[in-house]
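Written below as structure tokens is the structure these notes are about.
Just so you know, all these numbers are worked out from the coordinates, no wet-lab data involved. This structure is a prediction, so every number in the text was calculated from the model and none was measured. As a convention, Cβ positions derive from the backbone with ideal geometry for all residues, glycine included, and neighbour counts pool all protein chains shown.
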Amino acid sequence: MRGHSFVEKAAILAGLASSVDAFWRMPCKSRTGLARVDPLVNPGTVSPHAHVIHGSSGFGESAGYDDLMAGNCTSCEVSQDKSVYWTPSLYFRDDATGQYQLVEQVGGMLAYYLLYGDNVTAFPRDFAMIAGSTDLRNFSDYAVPDVDKSSWASTSPYNTQEFLRQAAVGFNCLNYPKNEPEGTLYRHFMPDKAYLDQNCVDGIRMELMFPSCWNETAGVTAPDGKSHMAYPDQVMTGNCPAGFDTRLVSILFETIWNTYAFKGIAGEFMFSNGDPTGYGYHGDFIMGWDEEVLQEAVATCTNPSGEIGDCAIFDIQDESVYGSCNFTLPEALVDDDVVGPMATLPGNCAVHSGPAPANAMAGAATTAKTSSAAYGTSTAKGSSAITTTSSSAIVPTLSHSAGSTIVASLGQTYVPGGVFAAVESGVAYSDSSSSTAAADAIAAVTSSATTLLTTSSASFYSTSYSTTTAISSLNEKVEVDEVVWVQEDVTITVTATATASGVARRRHLHEHQHAKKRGGHFA
């Protein structure tokens with residue numbers, strides 16, 4: 001396509017893209033860092049709260065597109081992706097000690113690149129955006145669970161961006177042996193600890209959908225990180241509002257946290273921004289692709305398997321490369337304790353349980369219920385006794401509900417509340433490539449014996465990771481077992497291991513029967 005401008009090339013490639021919804025999952029199994037850094041909200045200075053950061057080593061307090069592209073590595077598996085993805089970290093406060101401790105992040109994160117709508121365009125140079133609202137602590141004006149999505153576009157207040165922004169936040173209770181995964185974005189708040197202990201034996205998966213409708217005249221970013229973008233009328237899919245006519249790639253973050261490790265211990269989970277409710281969950285994205293490479297991927301990586309290995313233009317890195325990628329901490333944060341145990345959240349971030357927004361409650365904060373002696377002085381620089389506006393968060397009760405199976409190869413469109421269908425990998429790409437959904441089977445590890453089993457249940461998948469983590473100071477050395485829940489019509493022999501701890505695990509059958517160990521250093 002020599003001789004054409006990027007805009008012309010994008011238009012040509014967009015015209016080649018398949019009309020069938022397609023996607024790829026970008027695995028970022030190793031963190032680039034864990035730090036109080038946020039170049040979009042707090043450029044050039046320290047952020048009030050900590051984040052888990054994945055992507056380019058060019059990340060920093062003032063990082064932009066050029067900095068990311070100049071980074072010498074990325075913690076994501078595709079070397080061309082120098083983007084950065086970051087969200088708040090999750091902590092557990094022990095009632096007995098008043099101490100905060102970082103919850104184990106399981107397997108890094110996944111960034112889904114979803115190609116919804118017609119004429120999908122790659123993110124332009126210098127593009128950045130934010131999803132979610134850090135100060136939000138309530139979402140009580142809407143039904144729980146959501147009303148049927150087919151009525152959102154025509155029903156107030158569900159046809160407002162205010163609603164859609166919060167419907168883009170999800171907390172998926174993971175219980176692999178149950179074999180009935182919840183749908184994406186089914187629950188919009190963090191379940192309380194009693195519910196997590198009883199039901200979520202494989203932890204909680206945080207889900208965050210970013211808006212995909214762009215107002216080009218507003219520029220590639222905005223002072224608030226949001227106003228240049230809008231959600232389609234069903235969050236993931238649907239029609240864009242007037243004035244936001246350019247359909248960009250749809251981005252979905254998934255991050256799993258091992259909350260079950262604290263089963264039976266009295267306390268409370270809360271995010272680094274002082275949010276125990278989950279309503280204030282948020283995330284940031286700065287684009288770090290060569291524009292032409294990303295647009296070519298949009299046009300040609302249309303296999304519904306979602307596997308990056310099925311996209312010929314991607315250069316996939318070895319674990320020794322992405323697993324050792326870190327960004328350089330600012331000098332002011334070198335001694336910042338973001339792991340714990342510690343007396344306060346990193347940066348002495350105050351805890352606000354709502355229901356008023358955190359920024360409205362900041363002046364009315366009172367000392368936490370736990371003793372002041374327990375909270376003491378944090379190891380973070382400049383910290384003091386933590387404050388909170390209530391002893392615990394109050395959230396609704398929303399029982400488990402299995403998501404509907406969506407089969408991309410049959411032309412079905414994935415919507416919130418559905419479960420991605422399993423499809424074969426390795427299918428050659430074309431302008432209209434498709435793949436039959438994988439048939440049915442589960443490899444379940446339940447004992448130390450060799451077990452032969454054949455199953456025939458519905459076809460779907462969900463992603464998860466099993467890790468072994470050793471924490472030393474600010475570094476974690478992580479061995480990751482990738483476990484992608486895929487079902488096929490096969491008879492398999494599985495030798496269980498002691499590390500399964502009696503919990504069923506589904507292996508990545510359509511690509512390899514045995515999960516691979518992946519090493520990495522989380523900093």
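If you wrap a convex hull around the Cα atoms of region 30-158, how much volume per residue is inside, in Å³? Don't jump to the answer; show the numbers that get you there.
Working: hull volume 23.3 nm³, N = 129.
Residue-normalised Cα hull volume stands at 181 Å³.
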Open item on the list: Can you tally the net charge around Asn42? Count Lys and Arg as +1, Asp and Glu as -1, for every other residue whose Cβ sits under 12 Å from the Cβ of Asn42.
Closed with: -2
TODO: Enumerate the amide H contacts of Thr246 below 5 Å, restricted to partners 5 or more residues apart or on another chain; note that Pro and chain-start residues carry no placed amide H.
DONE: Trp214, Glu216
Open item on the list: If I stretch the segment between Ile313 and Glu162 completely, what's the gain in nm (0.36 nm per residue apart, minus their alpha carbon distance), one decimal?
Closed with: 50.6 nm
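Rounded, prolate or oblate: pick one for region 291-361, where a ≥ b ≥ c are the square roots of the eigenvalues of its C-alpha gyration tensor, a/c under 1.5 means rounded, and failing that, prolate if a/b is larger than b/c, else oblate. Can you show the working numbers first?
Details: a/c = 3.18, a/b = 1.84, b/c = 1.73.
Prolate, because a/c is 1.5 or more and a/b exceeds b/c.
What translational diffusion coefficient, to the nearest whole µm²/s, does region 262-324 have by Stokes-Einstein, given a Kirkwood radius computed over alpha-carbon pairs, a temperature of 4 °C and 1.567 mPa s viscosity?
D = 80 µm²/s.
In the neighborhood of His282, defined by Cβ-to-Cβ distances under 14 Å, what is the net charge if each Lys or Arg adds +1 and each Asp or Glu adds -1? It would help to have the intermediate numbers written out before the result.
On the way: positive: Arg137, Arg165, Lys226; negative: Asp38, Asp135, Glu207, Asp224, Asp275, Asp284.
Neighbour charge sum, excluding His282 itself: -3.
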Task: Above-threshold pairs, the threshold being 28 Å between Cα atoms, out of Lys193/Lys226; Lys82/Lys193; Lys178/Lys263 - done: Lys193/Lys226; Lys82/Lys193
Task: FRET efficiency, 1/(1 + (r/R0)^6) with R0 35 Å, evaluated for Asp335 and Met69 via beta carbons - done: 0.70
TODO: For region 129-269, report the translational diffusion coefficient in µm²/s to the nearest whole number, using Stokes-Einstein at 4 °C, 1.567 mPa s, and a Kirkwood Rh over Cα pairs.
DONE: 79
Open item on the list: For the pair Lys178/Thr155, report the inter-label distance in nm, with labels modelled 7 Å from Cα in the Cβ direction.
Closed with: 2.4
Task: Footprinting exposure proxy for Val106, Val201 (fewest neighbouring C-beta atoms within 10 Å first) - done: Val201, Val106
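By how many nm would the segment from Ser140 to Thr45 lengthen if fully extended, with 0.36 nm per residue of separation less the alpha-carbon distance?
On the way: separation 95, 0.36 × 95 = 34.20 nm, distance 3.43 nm.
Extra length from Ser140 to Thr45 when fully extended: 30.8 nm.
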Open item on the list: For Ser140, Ser353, which order do you get if you count the other beta carbons within 10 Å of each Cβ and list the fewest first?
Closed with: Ser140, Ser353
- [ ] Quick one: which residues, 5 or more positions from Val37 or on another chain, have an amide H under 5 Å from its amide H? H modelled 1.01 Å from N in the peptide plane, none for Pro or chain starts.
- [x] Ser47, His51
- [ ] Mind listing the long-range amide H neighbours of Thr32? Cut-off is under 5 Å, sequence gap 5 or more, other chains count too, H placed in the peptide plane at 1.01 Å from N.
- [x] Ile53, His54, Gly55
Open item on the list: Residue by residue through region 152-169, what is 3J(HN,Hα) from phi via Karplus (6.51 cos²θ - 1.76 cosθ + 1.60, θ = phi - 60°)? Round to whole Hz and write x for glycine and proline.
Closed with: 4, 5, 10, 10, 7, x, 6, 9, 9, 5, 4, 5, 4, 4, 7, 5, 7, 9
TODO: Mind giving me the FRET efficiency for Gln198 and Ala360? R0 is 45 Å, r the Cβ-Cβ distance, nearest 0.05 is fine.
DONE: 0.85
Task: Hz values of 3J(HN,Hα) by residue in region 260-265 - Karplus curve (6.51, -1.76, 1.60), Gly and Pro given as x - done: 5, 5, 9, 4, x, 9
